[in-house]
1. Which net charge results when you count Lys and Arg as +1 and Asp and Glu as -1 among the other residues whose beta-carbon is under 11 Å from that of D37?
2. Choose one of L148, L93, V108: the residue whose Cα lies farthest towards the positive end of the charge dipole of the chain (beta-carbon charges +1 Lys, Arg; -1 Asp, Glu; about the Cα centre).
3. Using only Cα atoms, tell me the angle between helix 28-47 and the longest principal axis of the chain; keep it within 0 to 90° and round to the nearest 10.
4. What number of lysine-lysine pairs in the chain show an alpha-carbon separation below 19 angstrom, given a sequence spacing of 8 or more or placement on distinct chains?
5. So which GluC sites (Glu not before Pro) in region 85-165 pass both tests, a DSSP loop state and at most 10 other Cβ atoms within 10 Å of the Cβ?
6. Please find, in a Gaussian network model of the chain (springs between Cα atoms separated by less than 10 Å), the residue of L11, L41, L23 whose mean-square fluctuation is greatest.
7. For the chain, what does -39500 (n - 2.57) per DSSP helix run (n ≥ 4), summed and divided by total residues, give at 222 nm, in deg cm²/dmol to the nearest 500?
8. Counting trypsin sites (Lys or Arg not before Pro) as exposed when in a DSSP loop with at most 13 other beta carbons within 10 Å, what is the longest stretch of the chain free of them?
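The values are calculated or read from the model by the stated rules, or taken from the named source; none is laboratory data. All figures in this text were calculated on a predicted structure; none of them were measured in a lab. Reconstructed Cβ throughout: ideal geometry from the backbone, glycine too, with neighbour counts over all protein chains shown. Accessible surface is based on the protein model in full, side chains and every heavy atom, while ligands, DNA and RNA are left aside. Shrake-Rupley method; radii C 1.70, N 1.55, O 1.52, S 1.80 Å.
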Amino acid sequence: MHHLDGIIGKLTDAQYTHESQALPGSTIGKHVRHVLDHFSLLYANIARTAEPSDSQHPLGPVDYSHRERNPATESTVLGGQASIKQMISTSKLVRKQVIETPTFITIVDVMPGGAQASFLSTVDRELWFCIHHMVHHNAIIASLMFELGLDPPTEFAYAPSTIKLAHDHE
């Protein structure tokens, strides 16, 4: 998230909210907001209870298809940065809360065809999902930056494992 904060901090509001020609309706700001929505939804479900969870009594449900969207995050660079800073702060608190024992959580999502399905997961696994989801959207953000004639750092658009593999083969 720190890297994303630094990347968007170099943009103007016009660049941050510029609608893509390649991905109609898509803006850098909307991708930042989308990423943070996922973390926010997960964190809100964790914060709702101080009770330990187990596979019989999981937290949640977390429904990634029903996120509260924060329009301020996607509207201005400062709004995006403020939301990122808040999410970094919340992330530190959540990690302290769930690091001791596995915390089970129910995930709900819409499957192809529109059916809703529930899955048992853990908070750690869902944090991993949110991080990799962010990496995926960072790659899209990098593409949108190229469309604007900007040159994002190469490593911004790649997963840490891809970067490590590239460095190992140098």
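1. Details: positive: K30, R33, R67, R69; negative: E68, E74.
Summing Lys/Arg as +1 and Asp/Glu as -1 gives +2.
2. Checked the options; the winner is L93.
3. Between the helix axis and the principal axis of the chain, the angle is about 20 degrees.
4. Details: K10/K30; K10/K85; K30/K85; K85/K96.
Within the chain, the lysine pair count is 4.
5. Working: sites: E100, E126, E147, E155; in loops: E100.
Hits after loop and neighbour filter: E100.
6. In the Gaussian network model the winner is L23.
7. Values: 7 runs with 92 residues, N = 170.
Computed mean residue ellipticity for the chain: -17000 deg cm²/dmol.
8. Working: sites that count: K10, R48, R69.
Segment 70-170 is the longest.
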